[in-house]
2 protein chains.
Amino acid sequence: MRAIREAMGPMHERSAALPAVSPAVESLVRQMIAQVADKWTMLVLEALEEHGTLRFGEVGRTVGGISQKMLTKTLREMERDGLVTRIVHPVIPPHVDYTLTELGRELSAAFCGVWTWAETYYEQVSAARKAFRAREEG
Amino acid sequence: MRAIREAMGPMHERSAALPAVSPAVESLVRQMIAQVADKWTMLVLEALEEHGTLRFGEVGRTVGGISQKMLTKTLREMERDGLVTRIVHPVIPPHVDYTLTELGRELSAAFCGVWTWAETYYEQVSAARKAFRAREEG
DNA sequence: GGCGCCTTCTTACTTCTGGTTAGCATTGCG
DNA sequence: CGCAATGCTAACCAGAAGTAAGAAGGCGCC
C-alpha cells in the first residue's frame, strides 16, 4: 500500500483540475481508501460484523484462507485505525478478543453496498468474463 | 489477489457454520470482492464515474500515482469483468477511450458509501492512529 | 530524406508484499 | 516428561507491483 506513493510518483503530478474538496483532504481520504480497500480488511470486517466478538483464531477460521501473519497484520492495522478493539486476557494459553468499534461498524455498513453488488451481479460478471475470453480467443 | 487462495489454503478449512447463502455463491462473491476491492480499481472507478469518458492517459492523470503497467492491467481486468467499455480509435498516435458500463456505474455507486465513510471519519481515524502510536510508544 | 514526437501498451529488471514454515512462551493434562 | 493449546514473531521464498525503456507509425521540422 505504500502510503499512496509518498510523493505521487510517475504518470505526471495529478491533474490540477479536481472537484471541490481540498487537496489535503482528498489525499487523506485516498490514503484511507488505499488501506481500507484491502481484501483481508473487508473480510475481517464482515466476520466481526456478523459474529460480534471473536478470538484471534476464530476470526481466522471465519474469514478462511488467511495466513496468521496477514491476520495479525490486518487486525493490528484495524486496531491502529480505530476499527476494532483488542482485549488481551492474560491467561495461558493466550486469549485475545476482537470487537468492532462504532467506527468499524460504520465502515462495515458502508461496505455492505459492495457485498450486495457482488451478490446481485456475480452472474453478469462471470458472463462478461466468459464473453471477454471468447472475444479475445476467437 | 490470486483467486481467493485457490483451495482455501491454511488456517483450517473455513468454519462449517456460515450464514444462509450457499457455499458456492459465497465463494464466488468472495472472489469478486477480492478482485474488485483493489485500490486501483476503486480509484479508476471513481475517476470514470466523475468524468464520464476518459482516455488512457487521462485516467492515469486523474487517478494519480499509478504506473502505466498497473493502469493497463487494471483497465483490462475491469473490461474483462464488464465494468468498462474500451473503444480503440485506430489512429496514430493511438487513441483509446474508456467509459463505465451500467455494471461499473452500479459498482461505483456501491463504493460511494465507502468514500463517504472515508470523508466523514478521516479525522477520527487519524486521531485513533495518533492515540495508538502514543499508546505503544509511551 | 532523416529525426523525433505523439500515445498506448509491452517487456525486462528491481523492489516489496504476502504466504509458508518453524519456533517461542506457559500452563495443564495424560 | 512431553505434548497440546493459542497468539504472535522471524526467516525464507514466490509472486505481485513499481521503474524504465522500447515499439509502432504517421506527421512536422529542418
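At a glance:
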read-out	value
Inter-copy separations for B:Thr120, label at 7 Å along Cα-Cβ, nm, ascending	1.9
Other-copy label distances relative to B:Glu50, 7 angstrom Cα-Cβ extension, nm	3.4
Averaged over A:39-47, number of beta-carbon atoms from partner chains that fall within 10 Å	3
Residues A:Arg133 and B:His89, FRET efficiency given R0 of 35 Å [Cβ-Cβ distance, rounded to 0.05]	0.90
Inter-chain Cβ neighbour average for residues B:100-107, partner chain, 10 Å	3
Teacher prompt: A:Lys73 distances to equivalent labels in other copies, 7 Å Cα→Cβ, nm	1.6
Summed buried accessible surface, chains A and B, 1.4 Å probe, nearest 100 Å²	5900
Cβ neighbours within 10 Å from other chains - mean over B:119-132	5
FRET efficiency for A:Gln124 and B:Ser126, using Cβ-Cβ distance with R0 set to 45 Å, rounded to 0.05	0.75
Calculated FRET value between B:Val96 and A:Cys112, using beta carbons and R₀ = 45 Å, to 0.05	0.85
Protection-proxy order for peptides B:59-65, B:84-90, each taking the mean of Cβ atoms within 10 Å per residue, highest first	B:59-65, B:84-90
Qualifying lysines (Cα of each under 20 Å from Cα of A:Lys130; at least 8 residues distant if same chain)	B:Lys73
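The values are calculated or read from the model by the stated rules, or taken from the named source; none is laboratory data. Source: prediction; values computed, not measured. Counting neighbours? That spans all protein chains shown, and the Cβs are built from the backbone with ideal geometry, glycine included. Areas reflect the complete protein model, heavy atoms only, side chains present, ligands, DNA and RNA absent. Shrake-Rupley method; radii C 1.70, N 1.55, O 1.52, S 1.80 Å.
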